[in-house]
1. So what is the orientation-averaged projected area of the stretch B:1-90, using the convex hull of its C-alpha atoms, in nm²?
2. Take the cross-link list A:161/B:89; B:57/B:90; B:4/B:42 and give me the ones stretching past 24 Å between alpha-carbons.
3. Please average, across the residues of B:35-44, the number of beta carbons from any other chain that are within 10 Å of each residue's own beta carbon, and give a whole number.
4. Would you mind classifying the stretch A:4-49 by shape? Square roots of the alpha carbon gyration tensor eigenvalues, ordered a ≥ b ≥ c; an a/c under 1.5 is rounded, otherwise it is prolate if a/b is larger than b/c and oblate if not.
Amino acid sequence: MNTIEEKLWNYIDGTCTPAEQDAIARLIEQDEVYSQKYQELLLLNQEFASMELDEPSMAFTYNVMETIRTENARQPLKAAIDKRIIIGVGAFFVFTILALLIFTIANTHFSFPAGNVKVNLPAGIKLPSAGSIFSSQVFKWFLVFDVVLALFLTDSYLRRKNTAKHA
Amino acid sequence: MQSKLSDIDLIEQTLAGNQSAYADLVKRHQRFVFTLAMRFSKSREDAEEIAQDCFIKAYRSLAAYQGQSKFTTWLYTIVYHTAMTFLRKKRVATDSIDDEGTYIQVENHESAYDADNVENKSRSYYLNQAIEQLLPDDATIITLFYKGEQSLEEIAQTLGMEANTVKVKLFRARQRLKEKLERNLKHEVKELI
């Protein structure tokens, strides 16, 4: 069970149940040991409550506000950016891709027995040759760039994760 | 007029782009935040750096403050985490100097300095001196409880602990503070004799 001191601190802080509160109040009235300890802790409690707060330098507020001003002032509020804009941009791309897909499928004639797929595009539209795209030098460099970019992003992500872990 | 505004009002004004409202918020809480920072760093320069860092972090994430808890509870959580990170970095930088050793050094330095000003010493001086000798967690809990107007539940939220754990820690912190206070006062009486 709790020590006398622990019980009395709970009584002073008001963190015990009403029944315990009554029991301790009675003990303080009747028991000399409890009464003396209670007075001692009460004084100590007053003393702790009288502690003074430290004062920062005069320029404290100014320094904080200057740092905030020099960092982009609006940056802290970027979380307040309207999410509808982001959703709108995303929806535009999804809609474009879907429209292109539907258009392509609608103009495709499948002839499975022959194993050929014929695409009849409207007059004037010519699809570039897929073979020439994949074998071109530009495509190879594009792939190399993608790999390098993926490695770079993975590296920075892992570094950030590592820093956060050690912070 | 401005001083009558609540923390929430000032936050709303800040989010609307009024930076002077945030300056008011800083002025309102700077003493307590600085005192909390002092509980960890023991040096005014470092404490000021921690406190400034806290207010800047709070400003950056002000839009994320949902108002589910008191602003002070939210702010003190930032202070606690910033100070803990600062301590960890400092420990790495100083090649893990023992904490108690550091405090004893600070304590002795204070005693030597104040030997010339014995007459000016008051009860509050001894109390502050005793708090400085406590471990950061004990000093923080005592400060939050007595000066931060925080309930045990709010302190638990700030420190990321259970309310019962905070209750036990507060009890132990008070006991340690009482011992240190008594020891310092005895030492002072001996010095005077």
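Read-outs: derived from the displayed coordinates by stated rules, not from any lab. On a predicted model such as this, the values are computed, not experimentally measured, just so you know. With ideal geometry, Cβ positions are generated from the backbone for all residues, glycine too; neighbour counts draw on all protein chains shown.
1. Projected over every direction and averaged, the Cα hull of the stretch B:1-90 covers 5.8 nm².
2. In this structure, B:4/B:42 lie more than 24 Å apart at Cα.
3. So the per-residue partner count for this stretch is 2.
4. The shape class here is oblate.
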